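Step one of this worksheet: look at the structure below.
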Amino acid sequence: MAERYFTPREVEALIPALTEIMERVMDAHRQVVALGERMQEEQRRIAVAGGGLIDRARWKADRARLEQLTAVVQEGLREVMAMGGVPKDLALGLVDFPHLRGGRVVNLCWKYGEREIRWWHGLDEGYAGRKPL
């Protein structure tokens, strides 16, 4: 059970801060994914070649950057959760907020870029099950 239930207006008041936080989180997440893919490709290249040399300085720098970006994502998610939101999809920038609708617990669903809260979904439906308020 949620500690708090939000009205659409209460969530709308959070949108400016949510937008700023999720912009940071989404940007860092994109960079984490790209960097992780590049590092995995380097590992595959070496494995397929049956061994090889790795640029240790670059690998170390990439690992440090990955840790830094991961910290940015984690801090942003903590900020969203402290506001009462539940981050759902970092690529789309989805955040849910618990809401009571007709005596039933559902989620108000906000997507990065939306200026108003216009959607809700059941707890087991997710983004694909969004319905207009």
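FYI, it's all coordinate maths here, none of it is from the lab. Please read all numbers here as calculations on a predicted model, not as lab measurements. We place every Cβ from the backbone using ideal geometry, glycine too, and count neighbours over all the protein chains shown.
The angle separating the long axis of helix 8-48 from the principal Cα axis of greatest extent in the chain is about 20 degrees.
With θ taken as phi - 60° and the Karplus curve 6.51 cos²θ - 1.76 cosθ + 1.60 applied, the whole-hertz 3J(HN,Hα) list for region 115-128 is 9, 9, 8, 10, 10, 9, 7, x, 4, 10, 9, x, 4, 5 Hz, x standing for glycine and proline.
Residue separation of residue 105 and residue 19 scaled by 0.36 nm, minus their Cα-Cα distance, works out to 28.5 nm of gained length. Given the rule -39500 (n - 2.57) for each run of at least 4 DSSP H residues, summed and divided by the residues of the chain, what is its mean residue ellipticity at 222 nm, to the nearest 500 deg cm²/dmol? Taking each H run of at least 4 residues, the total per residue is -18500 deg cm²/dmol.
For residue 133, nonlocal amide neighbours, meaning residues 5 or more places apart or on other chains whose placed amide H falls under 5 Å from its own, are 119, 120. Radius of gyration over Kirkwood radius for region 1-120, both on Cα atoms: the Rg/Rh ratio is 1.17. All other residues whose Cβ lies under 10 angstrom from that of residue 126 are scored, Lys and Arg at +1 and Asp and Glu at -1, for a net of -2.
Ranked by Cβ crowding within 10 angstrom, fewest neighbours first, how are 131, 111, 60 ordered?
Details: 131 13, 111 16, 60 10.
Lowest count first: 60, 131, 111.
Applied to region 78-86, the Karplus parametrisation 6.51 cos²θ - 1.76 cosθ + 1.60 on θ = phi - 60° returns per-residue 3J(HN,Hα) values of 4, 4, 4, 5, 5, 7, x, x, 10 Hz, with x for Gly and Pro. Rg and Dmax of region 37-105, based on Cα coordinates, read 19.7, 63 Å.
If you take the Cα centroid of region 1-41 and the Cα centroid of region 82-133, the two points sit 13 Å apart.
Take the Cα of residue 33, step 7 Å toward its Cβ, do the same at residue 118, and the gap between the two points is 2.4 nm. Extension gain, residue 83 to residue 63: 0.36 nm times the residue separation minus the Cα-Cα distance gives 4.1 nm.
By the scheme Lys and Arg +1, Asp and Glu -1, what is the net charge of all other residues having a beta-carbon under 15 Å from that of residue 24?
-3
Work through the residues other than residue 48 whose Cβ is under 15 Å from its Cβ and net out their charges, Lys, Arg +1 and Asp, Glu -1. It works out to a net charge of 0.
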